[in-house]
1. Pull up the range 192-211, narrow it to residues that are touching a His at 6+ places or on another chain (Cβ under 8 Å) and in a strand (DSSP E or B), then point me to the one that is nearest to Tyr22 (Cα to Cα).
2. Need pairs with beta-carbon distance below 7 Å; first residue within 20 Å of Glu98 (Cβ to Cβ) and within the range 36-57, second exposed (fewer than 11 other Cβ atoms within 10 Å of the Cβ) and at pLDDT 95 or above; sequence gap 6+ or separate chains.
3. Given the condition touching a strand residue (DSSP E or B) at 6+ places or on another chain (Cβ under 6 Å), surrounded by 17 or more Cβ atoms within 10 Å (Cβ to Cβ), acidic (Asp, Glu) and part of a helix (DSSP H, G or I), answer yes or no: does some residue in the range 67-74 qualify?
4. Just one of the numbered conditions (1) of a type in the set (A, V, I, L, M, F, W, C); (2) under 22 Å from Pro127 (Cα atoms); (3) part of a loop (DSSP other than H, G, I, E, B) is not true of Leu19; which one?
5. Return yes when Ala51 is surrounded by fewer than 17 Cβ atoms within 10 Å (Cβ to Cβ) and in contact with a strand residue (DSSP E or B) (Cβ under 6 Å, 6 or more places away or on another chain) and no when it is not.
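The values are calculated or read from the model by the stated rules, or taken from the named source; none is laboratory data. None of these values were measured; they are calculated from a predicted model. So basically every Cβ, Gly included, is an ideal-geometry build from the backbone, and we count neighbours across all protein chains shown.
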Amino acid sequence: MPAKHFGPHELDLIAAATLAHYDQHADAFRAGTRDHDVRQNVDALLRHIRAEPPFTILDFGCGPGRDLRTFASLGHTVIGLDGAAEFATMARNDYGCEVWQQDFLKLDLPGEYFDGIFANASLFHVPSQELPRILHQLRATLKPGGVLFSSNPHGDNEEGWNRGRYGVYHDLETWRRYLSSAGFQELEHFYRPAGLPRDQQPWLASVWRKR
């Protein structure tokens, strides 16, 4: 399915509406996801990083900050990034970590700064036409050989609004093309939750090294 094409004003509206949805439902989202077990995802990122620990990690789309706590408890330096003002405030207040409030489509990231990026349930909000640009920016903020973890709800490359949020539901082959074209090498992928039939595993997780 070809990517939809939007002008700058339309992209601003997409981002604003999605962020407004999360700001409006921030408390419910925090309560509903607080106890999710993300150890498989965290381990998938950390085991592929070649640097000496502690690592410097970007939690891209940190939400209310649950995973900031996980990385910090393991001794790593972690910085959160989220576009929703309510989430950024929650993450700072609850976990005391540095959090950057940035729209995913208007990133301002330092060059070659992070050993790893943890993009858990976040990159699927990037419209397809903008995804190559955003992936190149994420690649640029990784140190040489750095690692990107992503987990997204997968599908048949549908793109559009879903319960107040904009999303793109890539299949594995399409996701591979985007990442490979952006200069990443695939390390592994898996579907979640573990131990269930594929039709009951809505999440596609993948790990990539900066080439």
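1. We begin by selecting, within the range 192-211, every residue touching a His at 6+ places or on another chain (Cβ under 8 Å); these are 202-207, 209.
From the residues that got through so far, the ones that are in a strand (DSSP E or B) too are 203-207, 209.
Numbers: Trp203: 20, Leu204: 22, Ala205: 22, Ser206: 25, Val207: 26, Arg209: 30 Å.
Residue satisfying both the conditions and the ranking: Trp203.
2. Listed pairs, sorted by first residue: Pro53/Gly75; Pro54/Gly75.
3. Let us first name the residues in the range 67-74 that are touching a strand residue (DSSP E or B) at 6+ places or on another chain (Cβ under 6 Å), namely 67-68, 71-72.
Still in the list and also surrounded by 17 or more Cβ atoms within 10 Å (Cβ to Cβ): 67-68, 71-72.
Then keep just the ones that are acidic (Asp, Glu); that gives 67.
If we keep only those that are part of a helix (DSSP H, G or I) as well, we get 67.
Yes, the range 67-74 has at least one match.
4. (3)
5. Working: surrounded by fewer than 17 Cβ atoms within 10 Å (Cβ to Cβ): yes; in contact with a strand residue (DSSP E or B) (Cβ under 6 Å, 6 or more places away or on another chain): yes.
Judged against the criteria, Ala51 is a match.
Here is a yes/no grid of residues against (1) within 26 Å of Arg165 (Cα to Cα); (2) modelled with pLDDT of 95 or more:
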| site | (1), (2) |
| --- | --- |
| His36 | yes, no |
| Asn41 | yes, yes |
| Thr56 | no, yes |
| Ala84 | yes, yes |
| Leu105 | yes, yes |
